[in-house]
Amino acid sequence: MAQISNLSESLEDYLEIILQLDQEKGEARVKDIAERKGVRMASVTGAMKRLAKEKLIDYRRREMVTLTPEGSALAHRVLQRHEFITRFLGEILGVSPEVAERDACSIEHIISLETLDRLAAFVEFLKSCPQAGGNIVDLFNNCYGQVLKQERGEENQGLACRNAHCLSNFPDSSVRFFSSRAGRVALSDMKPGDRGRVISVRAATSIRQRLIDMGLLPGVELEMLRVAPLGDPIEIKLKGYNLSLRKIEASTIAVEVI
């Protein structure tokens, strides 16, 4: 059986398009494939020749394209992968349909079988395990929705979640979301020379996304380099490069001291 990883991303897309056209129209023609893919017919012709060489399609110039049994099996696996990731992004994480569809198109080609299996198991866990709680997805989306509401109403909002459950469980922290266990502090409370490992980032959405894009992901190790005389800005070293953060940003980052 052909492996998904043995084909290029573009050829996988072609297989998926052929299958979708066959399901929708009962046939797949080069013209329709080119239109769906957004490329010239000459590009489709070259791709069809490569897929035919791999014995995944039957193709003759100016005729319909049909999937071989092996090509059909592979196309269905690619499509199922795409649909699952789209549903995960939309139904579990609450990503908008347009973004979920676009991101799934990229993720489906590079995600490993191990990760896909874990995602599937995670969805099964959320949906069926009594210990997970039947409304955990709703709770997450409600919490994330609170982030968006806070961001629209307040600038420089450091704390992403202020619901009663969080406040009752983390009452002693100045930013009210860090664990009280020894060794865990806000990045803003570290001293020059201290080293730590990022536990979580709980800034408002736009700030959080910018910090994550800068590399401040859970598990990443960092070192506090210096703090300005008035406490702002803070400079850290992260994976070989330096970053400068505002104190309010650093206060939203939970760090485990190492």
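The values are calculated or read from the model by the stated rules, or taken from the named source; none is laboratory data. The model shown is predicted, which means the values in this text are computed figures rather than measured ones. Backbone-built Cβ (ideal geometry, glycine too); neighbour counts: all protein chains shown.
Is there any pair with a first residue in segment 48-75 that is touching a residue at least 12 places away in the same chain (Cβ under 8 Å) and a second that is exposed (fewer than 14 other Cβ atoms within 10 Å of the Cβ) whose Cβ atoms are under 7 Å apart and which are 6 or more apart or on different chains, and what are they?
MET64/GLU27; THR68/LYS55; GLU70/MET1; GLU70/LYS55; ALA73/MET1
With the structure loaded, tell me whether LEU211 is of a type in the set (A, V, I, L, M, F, W, C), assigned by TED's automatic domain parsing to the domain that holds ALA186 and loosely packed, with under 15 Cβ neighbours inside 10 Å or whether it fails that test.
It is false that LEU211 is of a type in the set (A, V, I, L, M, F, W, C), assigned by TED's automatic domain parsing to the domain that holds ALA186 and loosely packed, with under 15 Cβ neighbours inside 10 Å.
Against the definition (outside any loop (DSSP other than H, G, I, E, B) and more than 14 Å from the chain's Cα centre (by Cα)), how does LEU89 come out, yes or no?
Judged against the criteria, LEU89 is not a match.
State whether one or more residues within segment 17-31 are modelled with pLDDT of 90 or more and in contact with a His (Cβ under 9 Å, 6 or more places away or on another chain).
Looking through segment 17-31, at least one residue is modelled with pLDDT of 90 or more and in contact with a His (Cβ under 9 Å, 6 or more places away or on another chain).
For segment 17-63, give me each residue that is assigned to a helix (DSSP H, G or I) and basic (Lys, Arg).
LYS25, LYS31, ARG36, LYS37, LYS49, ARG50, LYS53
In segment 78-92, what residues are surrounded by fewer than 18 Cβ atoms within 10 Å (Cβ to Cβ) and touching a residue at least 40 places away in the same chain (Cβ under 8 Å)?
Matches in segment 78-92: GLU91, ILE92.
Please indicate, with yes or no, whether at least one residue in segment 63-71 is under 30 Å from GLU114 (Cα atoms), out of contact with any Leu (no Cβ under 6 Å at 6 or more places or on another chain) and exposed (fewer than 14 other Cβ atoms within 10 Å of the Cβ).
yes
Let's see how each residue does on (1) modelled with pLDDT of 90 or more; (2) farther than 19 Å from SER106 by Cβ; (3) of a type in the set (Ser, Thr, Tyr):
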{"site": "LYS49", "(1), (2), (3)": "yes, yes, no"}
{"site": "LEU56", "(1), (2), (3)": "yes, yes, no"}
{"site": "ARG62", "(1), (2), (3)": "no, yes, no"}
{"site": "LEU67", "(1), (2), (3)": "yes, yes, no"}
{"site": "GLN80", "(1), (2), (3)": "no, no, no"}
{"site": "THR86", "(1), (2), (3)": "yes, no, yes"}
{"site": "GLU91", "(1), (2), (3)": "no, no, no"}
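Restricting to segment 109-128, and then to whatever is at pLDDT 80 or above and hydroxyl-bearing (Ser, Thr, Tyr), can you tell me which residue is surrounded by the fewest Cβ atoms within 10 Å (Cβ to Cβ)?
Residue satisfying both the conditions and the ranking: SER112.
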